[in-house]
């Protein structure tokens with residue numbers, strides 16, 4: 001139920017869908033079933049064991065064995081438009097400095113209208129200081145998940161100054 005709710009928030013269209021911390025692949029499966037093409041899905045997994053498992057389970061999906069705190073260092077991500085970033089990372093349980101690094105990297109690979117989706121087991125929405133340029137668009141509790149989970153989505157709305165765009 002939770003994985004389907006997360007996947008349903010990914011907009012259809014062109015661009016990559018980057019999944020941070022795919023773990024065993026439950027959300028990955030839901031994303032593919034939702035219609036995200038395997039060629040457009042990029043998994044970023046830090047654990048070597050999980051990365052090996054994911055590469056066997058999803059051979060057509062691009063896998064980056066690396067850290068979400070270094071997203072902008074993966075040149076391939078910087079060269080493509082990212083339509084959505086789906087995070088299964090436990091941001092609420094990570095040190096604040098590490099969370100800030102990850103969120104800064106989310107902003108670094110985002111483009112106008114990129115959607116950032118995060119879930120947590122907290123009953124109250126409190127992503128104060130979300131990734132720069134993102135505004136909360138949606139929040140919902142998924143009561144049928146055990147334990148209940150909160151899914152939030154944010155849209156990148158940072159405008160490029162006219163002088164910089166010229």
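The values are calculated or read from the model by the stated rules, or taken from the named source; none is laboratory data. Please read these numbers as outputs of a predicted model, since none were measured by experiment. Glycine gets a Cβ as well: all are built from the backbone with ideal geometry, and neighbour counts include every protein chain shown.
Search region 1-13 for residues being out of contact with any strand residue (DSSP E or B) (no Cβ under 7 Å at 6 or more places or on another chain) and within 13 Å of residue 35 (Cβ to Cβ), and hand back the single one that is surrounded by the most Cβ atoms within 10 Å (Cβ to Cβ).
7
Those residues that are in a helix (DSSP H, G or I) and touching a residue at least 40 places away in the same chain (Cβ under 8 Å), I need them from region 45-89; list them, please.
68, 71, 77 - these are the residues of region 45-89 that are in a helix (DSSP H, G or I) and touching a residue at least 40 places away in the same chain (Cβ under 8 Å).
Among the residues of region 143-150, is any in contact with a strand residue (DSSP E or B) (Cβ under 7 Å, 6 or more places away or on another chain), surrounded by 14 or more Cβ atoms within 10 Å (Cβ to Cβ) and modelled with pLDDT under 95?
Yes, some residue in region 143-150 is in contact with a strand residue (DSSP E or B) (Cβ under 7 Å, 6 or more places away or on another chain), surrounded by 14 or more Cβ atoms within 10 Å (Cβ to Cβ) and modelled with pLDDT under 95.
Would you confirm, using the coordinates I've provided, whether residue 91 is more than 25 Å from residue 139 (Cβ to Cβ), out of contact with any strand residue (DSSP E or B) (no Cβ under 6 Å at 6 or more places or on another chain), surrounded by 16 or more Cβ atoms within 10 Å (Cβ to Cβ) and modelled with pLDDT under 95?
No.
Only one of (1) at pLDDT 90 or above; (2) surrounded by fewer than 20 Cβ atoms within 10 Å (Cβ to Cβ) fails for residue 154. Which number is that?
Unmet condition: (2).
Where residues in region 14-31 are touching a residue at least 40 places away in the same chain (Cβ under 8 Å) and part of a helix (DSSP H, G or I), which of them is surrounded by the fewest Cβ atoms within 10 Å (Cβ to Cβ)? Talk me through it step by step, then tell me what you get.
Step one: list which residues in region 14-31 are touching a residue at least 40 places away in the same chain (Cβ under 8 Å), which gives 14-23, 27, 31.
Retained after the next criterion (residues that are part of a helix (DSSP H, G or I)): 27, 31.
Details: 27: 25, 31: 27.
Among residues in region 14-31 that are touching a residue at least 40 places away in the same chain (Cβ under 8 Å) and part of a helix (DSSP H, G or I), the one surrounded by the fewest Cβ atoms within 10 Å (Cβ to Cβ) is 27.
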